[in-house]
Amino acid sequence: MDFTLKIWRQANAKAKGKFETYKITGISPDCSFLEMLDILNEQLINDNIAHPVVFDNDCREGICGMCGLYINGRPHGPDDGVTTCQLHMRKFHDGETITIEPWRAKAFPVIKDLVVDRSAFDKIIQEGGYISATTGGVPDANAIPIPKPKADEAMDAASCIGCGACVAACKNASAMLFVGAKVSQFALLPQGQPEAKRRVVRMIKKMDELGFGNCTNTYACEAECPKSIKKTNIARMNREFICSKTSYTDK
Amino acid sequence: MKLIKLASISKKLCMGALGAFLLIFLPFHMGMNLCILRDDGGEWYRNVCHFMGTNYIVKVFEVVLLACVLFHIVLGIILAIENKMSRPVGYAVANKSKTHQGSKFMIWTGGILLVFLVIHFVDFYFAKTGLVTGKYVVKTEKVEKAFQEKAMKMQQGQLKEADLKELQAQYMAIQSLSGEKVAKNGKYFINLTKEELQQTCGKDFKDYEPDFYNMAKEKFHNNLFVVIYLLAFIALGIHLYHGVGSVFQTYGLNIEKYAKTIDILAVIYAIVIPLGFAIVPLKVLLTAM
Ligand code: HEM
Ligand code: SF4
Ligand code: FES
């Protein structure tokens, strides 16, 4: 398959970036998107055309959340429920022009080319994405009874890989799906209760400070999340927030 | 960087509460409007307007409602600006994701509604507050009473020459109106211009009300006017379709069990309300009402 690639190139955080166009030919339909970019980079280096295109990636199996690319107007490209590393070139048609951009958000500044700084997410986690653990011996598994449906729901929320596609997809660059998932995975379980009321308020405060936008219930996040995190997690976070604001007295 | 120092969710909760109040208000407004359809020469409609114009509870709600609309608009614009600021560099190819239809246009459908509200207020609400002149309705018995009081004064010799002339003119005016500008039930003089009102009742007469029935009929015989209204109702439908579901989500009530029901509710509300509003101008335009 042959493609025309329009790729955002930006030398560093301060530089003014622009799109460069590259042609690439003879790509197998079974090639993954990142492999296609590897082939492109090999050509750029070997033929001395340009510096290789820099893009984030690590596990290449859909679990680390590094490979965020905004492809033809959608985070992680045209397939549903997958990361960019799990996207295959057969999802495009031969001769297509593919536009590849970095995540765009005030809170996710570009570092180089397609790589953005997602440490804003880490800062939100530092505000409350943890539980207090007791010291002493290892507790028995299943010592605390948890209904299976609750455990499942918490597990679904916990499957968020922090990729940032929700922010990238949202017209307001809002991080509500990410924070909603992180609040929910604890709010659903007894282990998360001691900090529950403090957690939700602090994480949201941090999220706002970092410059993420306000949610307008557009649900592009849910449509683009590679882990199919549901918008009901946002509703749950709103509920937790109201509950905390009306009953939590400790500052 | 944020325009208001309030948690993003708090702002949303305010927006939702204000919106929800408007959602409750709309069916009442629609119900009143539909009274115009009854073939009674406007009797029901005038009674409703009289109630709305004089009842004190209604007056309190009117202030609350105006405040809600104002804050809803201001907050909506602030949110929209903040959200634009959250993505300083945009995408070249943007937003191909599946989203809730309507949600992307809230500020635009809201903007259309704002323009509509300005037109609507100038035409109807300003007439009520006396900022613009419209058509007026007064009770026949009140006109007669005012006339008789003056006639009484005349008999007691308290009136000057000029006042006598006015009284005569008043008498003539009442006679000529009695032929055409009386409501079906005979209780009101209707569709009076400001001059006619002053001629019949005298300059310092206060006991009149705007004749919204005839004003509406007059406005809605104008094609352009009806088209503007219908466009606004379409925008309203889109705004409401997203708004109804949005309130549930914002208040954390959108649990999976209810999601379908809420969606259906939103569709029904967003169709029934604008349709209910649209019936009135359409009926006036298309029938010889
Ligand atoms: C009859 C009039 C109106 C009604 C019944 C109404 C109702 C609503 C409702 C229920 C919402 C959803 C709130 C939420 O997200 O929880 C909403 C949102 C919104 N409204 Fe209105 N509205 C009206 C007029 C307007 C006007 C005149 C504007 C003018 C700009 C406007 C701008 C907005 C905006 C921008 C939003 C989106 C806010 C967000 O999603 O965060 N609305 N409206
Ligand atoms: S909620 Fe989904 S899209 Fe957002 S960071 Fe987590 S995995 Fe990525
Ligand atoms: S590289 Fe780890 S999820 Fe794609």
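The values are calculated or read from the model by the stated rules, or taken from the named source; none is laboratory data. Source: prediction; values computed, not measured. Note that we place each Cβ from the backbone using ideal geometry, even for glycine, and neighbour counts take in every protein chain shown. Keep in mind that these areas ignore ligands, DNA and RNA; they rest on the heavy atoms of the full protein, side chains included. Shrake-Rupley method; radii C 1.70, N 1.55, O 1.52, S 1.80 Å.
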Between B:Met154 and A:Val54, what is the label-to-label distance in nm when each label sits 7 Å out along the Cα-to-Cβ direction? 9.7
Taking 29 Å as the cut-off for C-alpha to C-alpha distance, list the pairs among B:Lys104/B:Lys135; A:Lys231/B:Lys96; B:Lys96/B:Lys260; A:Lys6/B:Lys11 that go past it. B:Lys104/B:Lys135; A:Lys6/B:Lys11
Where in the stretch A:105-146 does the label zone of A:Ala13 land, with the point 7 angstrom along Cα→C-beta and an amide N cut-off under 16 Å? A:105-123
Name the aspartates and glutamates eligible as straight-distance cross-link partners of B:Lys283: C-alpha to C-alpha under 20 Å, and not fewer than 8 places from it in the same chain. B:Asp39, B:Asp40, B:Glu43, B:Asp123, B:Asp211, B:Glu218
Under 16 Å from the Cα of A:Lys18 - aspartates and glutamates, other chains or at least 8 residues apart: A:Glu101, A:Asp113
Shielding by partners, peptide A:206-215 (average Cβ within 10 angstrom, other chains): 6
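Can you give the FRET efficiency to the nearest 0.05 for B:Val118 and B:Trp44, using r as the Cβ-Cβ distance and R₀ = 25 Å?
Computed FRET efficiency for B:Val118 and B:Trp44: 0.30.
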Stretch B:Leu230-B:Val93 to full length: gain in nm at 0.36 nm per residue minus the Cα-Cα span? 46.0 nm
With springs only between Cα atoms under 10 Å apart, run a GNM on chain B and tell me which of B:Val143, B:Val89, B:Val63 wobbles the most. B:Val89
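Multiplying the sequence separation of A:Thr246 and A:Asn142 by 0.36 nm and subtracting their Cα-Cα distance, what value in nm do you get?
Extra length from A:Thr246 to A:Asn142 when fully extended: 34.2 nm.
May I ask for the equivalent-ellipsoid semi-axes of the protein assembly as shown, computed as the square root of five times each C-alpha gyration tensor eigenvalue and listed largest first in whole Å?
64, 28, 19
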Roughly how many Å² is the accessible area per residue of chain B, as a whole number, for a 1.4 Å probe? 56
Most fluctuating residue of B:Cys201, B:Cys14, B:Cys35 in a GNM of chain B with Cα springs under 10 Å: which is it? B:Cys14
Relative to the compact-globule estimate 2.2 N^0.38 Å (N residues), the Cα gyration radius of chain B stands at a ratio of 1.30
How much length is gained if the chain between B:Val74 and B:Ile255 is pulled fully straight, taking 0.36 nm per residue apart and subtracting their Cα-Cα distance, in nm to one decimal? 62.2 nm
GNM on chain B, C-alpha springs below 10 Å: top fluctuator among B:Leu65, B:Leu224, B:Leu34? B:Leu224
Need the list of lysines near A:Lys150 for cross-linking: C-alpha distance under 16 angstrom, and skip anything on the same chain fewer than eight residues off. A:Lys182, A:Lys230, B:Lys257
Accessible-area composition of the protein assembly as shown, carbon plus sulfur, in percent [1.4 Å probe]: 61
What are the ³J(HN,Hα) values, in whole Hz, obtained from phi via the Karplus relation 6.51 cos²θ - 1.76 cosθ + 1.60 with θ = phi - 60°, for each residue of the stretch A:6-11 in sequence order, with x given for Gly and Pro? 9, 10, 6, 10, 8, 5
Hey, what number do you get for chain A at 222 nm if only DSSP H runs of n ≥ 4 count, each worth -39500 (n - 2.57), divided across all residues, to the nearest 500? -10000 deg cm²/dmol
For the stretch A:3-111, the Cα convex hull volume per residue in Å³ comes to 107
